[in-house]
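**Q** Structure in structure tokens, see below.
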Ligand code: 26M
């Protein structure tokens, strides 16, 4: 029974091997003898790519023909992580390909390790966008992700002498086999210049925008596969290039160097991802990036409708556009401009379409993170948009006046233009006015939005507000990252849980099965051993897989309180120093995360952790009891190693500050127990897994704001808590800084004189909770029990559920089946 398979699509082992060697020869131009690891990676990537093109092209074709209602997810960031492993999982080819590689004497794990991940995002917000496009494809929803093809993604982190050093992320260095450039679909984006009013041939008042410069946007498409479906949606990222016409003009004037300079200026727009999260910086280039990708994306959508012979009157019926935070919010003004100026709509019609198109997700309550653009800068870059925004604002404020007569303070607060001093365009206000739906990312966050940051808008438009609790994809963060656990689960309850995460509940039937609990524990130990081996190899540090792996991995920020975790470590250190025979539960503290390059305090926190690690790891009294490791360059690839190996997940933000968190979910669905505050999605995780299976501590959001209102004084805590005082004094004395009392002074002072994030107020509660954790870990049977319950009850936190919520409550986009003919 000989079966002949096409080398491009066949999935038999022999075919895969032949196809792989074929790609190695014809694409990499190499024989095995002279191939590098990267050649092998590329050959395999193309082999896998060949096998998804059928789905991708058929999906695209289906959407073109059926012209279904479509979700457009606009995000300045998509933190995708490596493609190869994920595509193998979603195609169902992981095991055959692994075998095929083994037959050729290659290890799939090694090849996966080769991939330079597209780190086109900072953290939570960018990673959420990546999870959502995965779930959209898995749920077979017509959808497209639009974003920016940064030439340099989030910087690579190195640690030198305990300090963070940033290295440019040259992720495209060896080529990107997953993207396809579509230069034939390029578009033009205008910047600067001025506007001119004129009367058109129908005697109507119109506006023309005469730009100062025009930049080309070239789309690069990446297929996003659904899990075990035919759907392969597109992620379309825009790269900026110079327009020939501009080169040409300068060239004619004889200004060759000027022309080349102009060209590189244009290409700067998509050069680099801004590395700050949770704090906004009013940089012009950032605003240019936002407008650039938004304008390309909207023009692209309009062009698509024209190809499909659809009238733009129905734009809002054809597209539901989600604004991932305010970063793409200039889309509200740009869609208005396109409809008014380029397609001849009148204001009311254009406004009706626009406000039925957009929905806005807010990701933060931190005031310093709210985007506002200096009016001067905004007006000189986008003179037409500023006029449109004035018009939107004036009509909007009329509405406010009708609903709330004589409330001048309210008008001042709600105005899209901030006129309290230097004038600004407030992007969150524009997003609220221009969208039909506004959501927060966890229940508490959505409630706080209504009560605080967006309170006025809630009173104005209560019907717009909803909550959609975040979720994460179990394909990448369980199946791919933790195959041992995934296989154990599947051996007990089948594999339906991968697409229907609520099915994990069936694991509860095995709680009383001693054998299952043993296997579950064994899996955790093996995965911890894997991480220990990795740390041994890369850091030359030995960690004990029998110790409690206590992990905090996320961007470094004062509100996330990595330094509270540090105070706990110092406290344990002090206790052991005071009593070297103390019976402590051995712990390994692992940290990972990047600090924004301009965020001094965050960088000092990294230095502190590394300094503590130096002291703790070399003190003989600490041996076999405490270890501290700062894991360098925490990214998606590394996160996939970390989540599975955690016993304890640190989710210790000041209550009311973390909008949701998504790492918290990834840890818990891999069986880590959480020590956490009542913040963001922690609250819902605790409800889901059961309060007895969650280590809760700290003030509530309400208590935090009350305490602040009552005049919080950190000294009260410092003076009345000897262990706390001792811990802080250790730092200020220079104990961790070779006797230098100045090094950490800014950090210590920030705690003693301000403590904006209430570390001192939460310290005692945290320490007592950590003591309970240490006790609990000694009863390994009990711990495993709680850990199983965490996995079994995390179904709600699949991004498939989040996307279903968006579909049901906001987008109302039906699924579309894609046929893939053989
Ligand atoms: C803004 C302006 C200029 C440069 C960068 C930015 C910027 C970029 C990313 C601001 C914020 C950015 O990300 C914020 C973020 O990641 N927020 C997190 O979003 C997650 C997904 O909803 C939540 O789970 C986290 O709680 C929230 O902190």
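Since every read-out is calculated from the coordinates, none of them should be taken as a lab result. Remember, predicted model here, so these are calculated numbers, not experimental data. Glycine gets a Cβ as well: all are built from the backbone with ideal geometry, and neighbour counts include every protein chain shown.
**Q** Treat the count of other C-beta atoms within 10 Å as a stand-in for reagent exposure and order 648, 187, 312 from fewest to most.
**A** Going from least to most buried by this count: 187, 312, 648.
**Q** A further question on this structure: If I model a spin label as a point 7 Å beyond the Cα along the Cα-Cβ vector, how far apart are those points for residue 526 and residue 64 in nm?
**A** In this crude label model, residue 526 to residue 64 measures out at 4.6 nm.
**Q** Over 21 Å, how big is the tail of the calculated P(r) for segment 160-242, in percent of all Cα pairs? Walk me through the numbers on the way to the answer.
**A** Details: 2093 of 3403 pairs.
Result for the distance tail: 62 percent.
**Q** Multiplying the sequence separation of residue 398 and residue 9 by 0.36 nm and subtracting their Cα-Cα distance, what value in nm do you get?
**A** Extra length from residue 398 to residue 9 when fully extended: 134.0 nm.
**Q** In what order do 432, 769 fall by count of nearby beta-carbon atoms within 10 Å, going from fewest to most?
**A** The most exposed by this proxy come first: 769, 432.
**Q** Additional query: Just want to confirm a number: the relative contact order over segment 491-570, from Cα pairs under 8 angstrom separated by 6+ residues, in percent. Don't skip to the answer; put the middle values down first.
**A** Details: 26 pairs, mean separation 10.9, N = 80.
Result for segment 491-570 is 14 percent.
**Q** Pull out the extension gain between residue 419 and residue 194, defined as 0.36 nm times the separation in residues minus the alpha carbon to alpha carbon distance; nm, one decimal.
**A** Contour length minus the Cα-Cα distance gives 78.7 nm.
**Q** Between segment 129-172 and segment 292-332, what is the separation of their alpha carbon centroids in Å?
**A** Each part reduced to its Cα centre gives a spacing of 23 Å.
**Q** A further question on this structure: What distance in nm separates the two pseudo spin-label positions at residue 710 and residue 349, each 7 Å out from Cα along the beta-carbon direction?
**A** Using points 7 Å along Cα→Cβ, the separation is 6.1 nm.
**Q** For an R0 of 22 angstrom, estimate the FRET efficiency from the Cβ-Cβ distance between residue 749 and residue 583 and round to the nearest 0.05. The partial results should precede the final answer.
**A** Details: r = 36 Å, r/R0 = 1.63.
The value I calculate is 0.05.
**Q** If you project the alpha carbons of segment 1-126 onto the principal axes, what extent comes out on each, in Å, largest first?
**A** 46, 39, 26
**Q** Moving on. Where Rh is the Kirkwood radius over the Cα pairs of segment 28-73, the temperature 20 °C and the viscosity 1.002 mPa s, what D in µm²/s does Stokes-Einstein return?
**A** Approximately 162 µm²/s, per Stokes-Einstein.
**Q** Treating the Cα atoms of segment 671-822 as identical point scatterers in vacuum, please give the log10 of the normalised Debye intensity I(q)/I(0) at q = 0.11, 0.12, 0.16, 0.18 Å⁻¹, two decimals.
**A** With no solvent term, the Cα-only Debye profile gives -0.67, -0.75, -1.01, -1.11.
**Q** Write down the Kirkwood hydrodynamic radius of segment 521-588, to one decimal in angstroms, obtained as one divided by the mean of 1/r over all alpha carbon pairs.
**A** In segment 521-588 this quantity evaluates to 14.0 Å.
**Q** What order do you get for 310, 564, 340 when you list them from fewest to most C-beta neighbours inside 10 Å?
**A** Sorted ascending by nearby Cβ count, the order is 310, 340, 564.
**Q** Distance from the Cα centre of segment 81-115 to that of segment 672-707, in angstrom?
**A** Answer, in whole Å: 38.
**Q** Could you give the nm distance between label points at residue 313 and residue 27, where each point is 7 Å from its Cα heading toward the beta carbon?
**A** 4.7 nm
**Q** Quote the FRET efficiency, to the nearest 0.05, computed for residue 623 versus residue 34 with a Förster distance R0 of 51 Å and r equal to the Cβ-Cβ distance.
**A** 0.60
**Q** On the principal axes of its Cα set, how long, how wide and how thick is the chain? Give whole Å, largest value first.
**A** So the three principal-axis extents are 92, 83, 57 Å.
**Q** Something else now. Provide the gained length on full extension for the span residue 57 to residue 515, in nm with one decimal, where the gain is 0.36 nm per separating residue minus the Cα-Cα distance. Write down the numbers at each step before the final one.
**A** Details: separation 458, 0.36 × 458 = 164.88 nm, distance 4.69 nm.
Length difference between fully extended and current span is 160.2 nm.
**Q** Considering only DSSP beta bridges whose two residues both sit in the chain, what percent are antiparallel, to the nearest 5?
**A** 45 percent
**Q** Please check which bits of segment 666-695 a label hung off residue 782 would reach, taking the label as a point 7 Å along Cα-to-C-beta and the cut-off as backbone N under 12 Å.
**A** Output list for this probe position: 693.
**Q** Relative contact order (percent) for the chain, with alpha-carbon contacts under 8 angstrom and 6 or more residues of separation? Each step should come with its number before you reach the end.
**A** On the way: 1484 pairs, mean separation 110.2, N = 822.
Rounded, it is 13 percent for the chain.
**Q** While we're here: On each of the three principal axes of the Cα atoms of segment 580-717, give max minus min coordinate, whole Å, ordered largest first.
**A** 44, 40, 38
**Q** Take the alpha-carbon centre of segment 394-410, take the same for segment 440-498, and report the distance between them in whole Å.
**A** The distance from the Cα centre of segment 394-410 to that of segment 440-498 comes to 35 Å.
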